[in-house]
Number of protein chains: 2
Amino acid sequence: MSAEAKEAKVEMNASQPASPPLTERQEARRRRILHASAQLASRGGFDAVQMREVAESSQVALGTLYRYFPSKIHLLVATMQDQLEHMHGTLRKKPPTGDTAAQRVAETLMRAFRALQREPHLADAMVRALTFADRSVSPEVDQVSRQTTMIILDAVGLENPTPEQLSAVRVIEHTWHSALITWLSGRASIAQVKIDIETVCRLIDLTDPRAPE
Amino acid sequence: MSAEAKEAKVEMNASQPASPPLTERQEARRRRILHASAQLASRGGFDAVQMREVAESSQVALGTLYRYFPSKIHLLVATMQDQLEHMHGTLRKKPPTGDTAAQRVAETLMRAFRALQREPHLADAMVRALTFADRSVSPEVDQVSRQTTMIILDAVGLENPTPEQLSAVRVIEHTWHSALITWLSGRASIAQVKIDIETVCRLIDLTDPRAPE
DNA sequence: CGCTAATCTAGAACAAGTTTCAGACTTGAT
DNA sequence: ATCAAGTCTGAAACTTGTTCTAGATTAGCG
């Protein structure tokens with residue numbers, strides 16, 4: 001037998017709760033799977049992400065795919081986590097420049113929206129999975145939600161948001177998700193989404209003592 | 001170019017677009033199907049609405065079920081239309097009593113929310129179908145959206161809403177749907193939903209000249 | 001009434017998500 | 001190096017949404 005790698009464990013993922021640490025090969029498998037998922041999703045959206053195809057594309061047995069992601073929804077939500085992380089990094093590099101919190105949040109969300117427009121099929125797959133997820137995916141969906149909240153709070157630019165402000169952020173998130181859905185299903189135009197985002201963002205100013213109406 | 005267009009028998013049903021009129025038996029079948037759908041949904045939510053079971057419960061062949069409703073999503077969205085109509089009627093009877101538009105809208109939505117809490121599984125099935133619907137269901141989903149808009153506008157109490165007000169209503173609707181989803185998937189409490197609704201409803205007052213803060 | 005087209009029925013067949021299983025391979029510890 | 005436990009593979013099976021088919025029923029019409 002060749003000196004087949006003794007796989008050292010790689011442990012350092014701050015975001016996921018302590019799941020059994022993965023070996024390098026496992027980390028690589030996981031990554032291949034997520035990559036295949038995103039690729040298939042980019043082609044044809046939710047329906048194009050077929051578990052057998054994902055397994056084949058990522059060179060993994062179907063059973064293994066299901067060991068890593070217990071359902072198609074789990075897989076797509078994980079894909080979204082992955083993409084979101086990437087986007088958060090991108091957004092951080094160029095903070096929004098608006099004068100009011102509302103402007104900055106709207107600017108940030110519109111930037112994210114434009115990114116999604118470049119891969120509408122991928123957006124479709126991820127967002128549909130997110131809103132279709134049932135209780136069994138709650139932890140993962142919650143993680144996505146927290147990540148989104150952080151992106152918005154970054155744009156607001158506050159260290160210690162008040163409960164009122166957090167409510168406003170929650171509502172902005174609701175609007176963001178739902179507006180995306182109406183756009184993805186062809187019931188609202190890009191312009192309409194923009195208006196909705198700008199409208200809801202006014203809420204954040206209502207709670208900002210520094211920039212009263 | 002004869003001026004006599006062939007508009008002999010325009011079906012004047014305001015809600016449904018001109019579909020071929022149904023015979024009594026067909027109307028009865030359609031009703032049985034919707035009833036079975038709602039009943040199964042009430043038991044076990046989205047997953048419990050299985051097309052074979054719906055067909056059997058409503059004494060109709062599977063193929064016929066699919067002739068009436070071309071997919072499970074269509075069926076559930078139609079079920080929602082049905083329930084919404086009922087709810088709109090109920091709400092009309094006792095108009096909300098709040099002083100501001102925001103209070104009235106929040107009151108109305110909370111009343112609807114309490115109705116949904118009585119049949120959480122049914123709510124699950126309908127809302128999941130609604131947000132999962134793809135383009136092929138757009139007309140039906142749009143109809144649900146219009147109906148919801150009318151309910152909210154009723155609560156606002158305006159004849160001729162401004163575009164700004166319509167935007168606020170759209171955002172309220174977004175929040176309503178998304179908040180329902182987070183509640184249904186166990187990620188938000190009833191109290192949290194209430195707060196979110198009340199928060200977003202403040203938007204409607206921003207646009208109401210009569211009741212400035 | 002009798003005809004034709006549309007509709008309905010029972011049931012098989014197909015598609016994709018999910019589960020299961022036996023056997024091969026890895027890993028971690030001794 | 002060796003063994004037990006855990007993991008991965010390939011393939012088949014199962015579930016439920018959806019489609020298809022052949023024959024029976026019904027509706028509308030002359």
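Ballpark to the nearest 100 Å², how much total accessible area do B and A bury together, probe 1.4 Å?
Working: alone 13210 and 12840 Å², together 22870 Å².
By this definition, chains B and A bury close to 3200 Å².
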- With every protein chain in place, the residues of the stretch A:159-179 shedding 40 Å² or more of accessible area versus the chain by itself (probe 1.4 Å) are A:SER167, A:ARG170, A:VAL171, A:HIS174, A:SER178
- Task: Only Cα pairs under 8 Å and at least 6 apart count here; give the relative contact order of chain B as a rounded whole percent.
- Result: 21 percent
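So what is the calculated 222 nm ellipticity per residue for the protein assembly as shown, using -39500 (n - 2.57) for each DSSP H run with n of 4 or more, over all residues, to the nearest 500 deg cm²/dmol? Don't skip to the answer; put the middle values down first.
Numbers: 18 runs with 296 residues, N = 426.
Calculated mean residue ellipticity at 222 nm is -23000 deg cm²/dmol.
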- Message: Considering only protein heavy atoms and a probe of 1.4 Å, how much of the accessible area of chain A is carbon and sulfur, as a whole percent?
- Response: 53 percent
- Message: Only helices at least 18 Å long along their own axis, judged from Cα atoms, and with Kyte-Doolittle mean hydropathy of -0.5 or greater: name those in chain A from DSSP H.
- Response: A:72-93, A:101-118, A:138-156, A:163-184, A:190-206
- For the stretch B:90-188, state which GluC sites (Glu not before Pro) are in a DSSP loop and have at most 13 other beta carbons lying within 10 Å of their beta carbon. B:GLU159
- Note on the structure: With every protein chain in place, the accessible area of A:THR79 for a 1.4 Å probe, in Å² rounded to the nearest 10, comes to 0 Å²
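If you build the Cα gyration tensor of chain B and take the root of 5 times each eigenvalue, what three semi-axes come out, in whole angstrom, biggest first?
Working: eigenvalues 210, 122, 38 Å².
After diagonalising the Cα gyration tensor, the semi-axes are 32, 25, 14 Å.
Can you give the FRET efficiency to the nearest 0.05 for B:THR162 and A:ARG111, using r as the Cβ-Cβ distance and R₀ = 35 Å? Intermediate values should be presented prior to the final figure.
Values: r = 29 Å, r/R0 = 0.82.
Computed FRET efficiency for B:THR162 and A:ARG111 comes out at 0.75.
How much area per residue is accessible in chain A when the probe is 1.4 Å and only protein heavy atoms are counted (Å²)?
Numbers: 11260 Å² over 213 residues.
That works out to 53 Å² for each residue.
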- Would you kindly work out, in nm and rounded to one decimal, the distances from the label point of A:GLY186 to those of the same position in each other copy, ordered shortest first, with label points 7 Å along Cα-to-Cβ? 3.6
- Item | Cα centroid of the stretch A:143-213 to Cα centroid of the stretch B:103-167, whole Å | 20 Å
- Query: Using a basic spin-label model with each label point 7 Å from the Cα along Cα→Cβ, how many nm lie between B:ALA28 and B:ILE190?
  - Reply: 4.0 nm
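How high is the relative contact order of the stretch B:58-174, in percent, counting Cα pairs under 8 Å that sit 6 or more residues apart? Walk me through the intermediate numbers first.
Details: 64 pairs, mean separation 41.3, N = 117.
Here the relative contact order equals 35 percent.
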- Taking the label point as lying 7 angstrom from Cα along the Cα-to-Cβ axis, what are the distances from A:GLU119 to the corresponding position in the remaining copies, in ascending order and in nanometres? 4.0
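Suppose every K and R has +1 on its Cβ and every D and E has -1 on its Cβ; what is the size of the dipole of the stretch B:73-206 about the Cα centre, in Debye to the nearest 20?
Values: 14 positive and 16 negative charges, 66 e Å.
Dipole about the Cα centre, nearest 20: 320 debye.
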- Query: Mind listing the Cα extents of the protein assembly as shown along all three principal axes, in Å, largest one first?
  - Reply: 83, 62, 54
- Residues in the stretch B:96-133 occluded by at least 40 Å² - accessible area, probe radius 1.4 Å, against chain by itself: B:ARG128, B:THR131, B:PHE132
- Using alpha carbon coordinates only, what is the Rg to Rh ratio of the stretch A:24-108, with Rh defined as the Kirkwood radius? 1.15
- Run the quick spin-label model on A:MET150 and B:LEU62: label points 7 Å from Cα toward the beta carbon, then report their separation in nm to one decimal. 4.7 nm
- List the residues whose amide H sits under 5 Å from the amide H of A:LEU22, counting only those 5 or more places along or on another chain, with H placed 1.01 Å from N in the peptide plane. A:VAL10
- Mind checking which of A:TYR66, A:HIS177, B:VAL171 is farthest towards the positive end of the protein assembly as shown's charge dipole, using Cβ charges of +1 (Lys, Arg) and -1 (Asp, Glu) about the Cα centre? A:TYR66
- Query: How long is the stretch B:95-159 along each principal axis, judged by its Cα atoms, biggest number first, in Å?
  - Reply: 40, 29, 13
- Item | Position B:ARG43, label points 7 Å along Cα→Cβ, spacing to each other copy in nm (shortest first, one decimal) | 3.9
- Taking a probe of 1.4 angstrom, what is the accessible area of A:LYS194 in Å², to the nearest 10? 90 Å²
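The values are calculated or read from the model by the stated rules, or taken from the named source; none is laboratory data. Keep in mind that what you see is a predicted model, and the values were worked out from it rather than measured. Cβ: placed from backbone, ideal geometry, glycine included. Neighbour counts: every protein chain shown. We work out accessible area using only protein heavy atoms, side chains counted, and drop any ligands, DNA or RNA first. Shrake-Rupley method; radii C 1.70, N 1.55, O 1.52, S 1.80 Å.
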